[in-house]
1. Whose amide H sits under 5 Å from the amide H of ARG262, counting only residues 5 or more places off or on another chain, with H placed in the peptide plane?
2. Taking amide H positions as placed in the peptide plane 1.01 Å from N, state which residues far from GLN84 in sequence (5 or more) or on other chains have amide H under 5 Å from it.
3. Using θ = phi - 60° and the Karplus relation 6.51 cos²θ - 1.76 cosθ + 1.60, list the HN-Hα couplings for the range 209-224 in order, rounded to whole Hz, with x at every Gly or Pro.
4. Taking the range 106-191 on its own, what percent of its Cα-Cα pair distances exceed 22 Å?
5. Give me the extension gain from ALA258 to ALA128: residue separation times 0.36 nm, minus the current Cα-Cα distance, reported in nm with one decimal.
6. Indicate the gyration tensor shape class of the range 152-286 (rounded, prolate or oblate), computed on the Cα atoms with a ≥ b ≥ c the square roots of the eigenvalues: a/c under 1.5 is rounded; otherwise a/b larger than b/c is prolate and the rest oblate.
7. What FRET efficiency comes out for the pair VAL96/ARG238, r = Cβ-Cβ distance, R0 = 30 Å, nearest 0.05?
8. Starting from the Cα coordinates of the chain, work out the convex hull volume and express it per residue in Å³.
Amino acid sequence: MKLVTWNTQWCCGLDGVVSPQRIVEHARALADFDVLCLQEIAQGFPRLQGAPGDQPAQLAALLPGFQCFFGAAVDTFAPDGTRQRFGNLVATRLPVARVQYHALPWPADAGVRSMPRMCTAVTVIDRALGAVRVMTTHLEYYSAPQRLAQAQALRALHDEACALAAAPPEESDDGSPFQTQVHTPHALLCGDFNAAASDAAIGAITAPSSNAAHGLRDAWPLAHGSAPHAPTFRVFDRTYGPEPLACDFVFVSAGLAARVRRVEVDLQTRASDHQPLLVEFDAAAR
């Protein structure tokens, strides 16, 4: 399985041009992906730079053969009644067993710029890996307490899912909402965490678990050992700081760690203010 994750900045490149097509083309140049996870996808925000349109619909049209699942962190209305949504999208050509949209905590942090955050989770069925819960998110940039609370919630969601996989509900094939669903401990959490690897939020995600099989591990060192993370932000645009930073990550559950084959960052594209990140899995454990 190959997955690309990318904070697209509503598909707005450093040239100010908004182009979902360019995002898809650059992602495809990085890999023939099975799953594409995109953060900062917009719908109904004409005052954003480049005046993005209905990007979930545009991306679905650009990805024939893929199913697209858009989760809105922000879902509100402009003064003229236009619906405005902003969030994370998962597109996949793999069979899909389950889709979940999780609102993340938004605790008060008076006077600090912030917005709602969420996680889109899509359980896919890969021929080699089996059922994998793909989770993509975008955590708060300006508020460290909010970012930490959101990271803790993500880890709690993963732990809960692992517990359900170990002790599933009563089986049912009655065709009702109680019918049996796919539960799996195998997960991949990716996105823009707006935090360096040393940040408390990252520590909350990768904290040791009482059950080692439930842990989440940063995929980068699994492929690169002690080599520093390749930067994913501020590579070309230094508006938000003087030095490049790695803040886009892929975390994998313990059962997938031995399957990680390759983790790469595209350091050339300027189609967003972030760089896309690829993770590829082997069919068998190494």
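1. HN-HN under 5 Å from ARG262: GLU280.
2. Here the answer is THR76, PHE77, ALA78, since their amide H atoms fall under 5 Å of that of GLN84.
3. 10, 5, 10, 4, 5, 9, x, 10, 10, 5, 6, 4, x, 5, 9, 10
4. Above the 22 Å cut-off, the range 106-191 has 41 percent of its Cα pairs.
5. Gain on stretching ALA258 to ALA128: 45.5 nm.
6. Here the range 152-286 falls in the prolate category.
7. 0.15
8. 147 Å³
A short reminder: the numbers here are calculations on the coordinates, not readings from a lab. What you see is a predicted model; the values in this text were computed from it and never measured. So basically every Cβ, Gly included, is an ideal-geometry build from the backbone, and we count neighbours across all protein chains shown.
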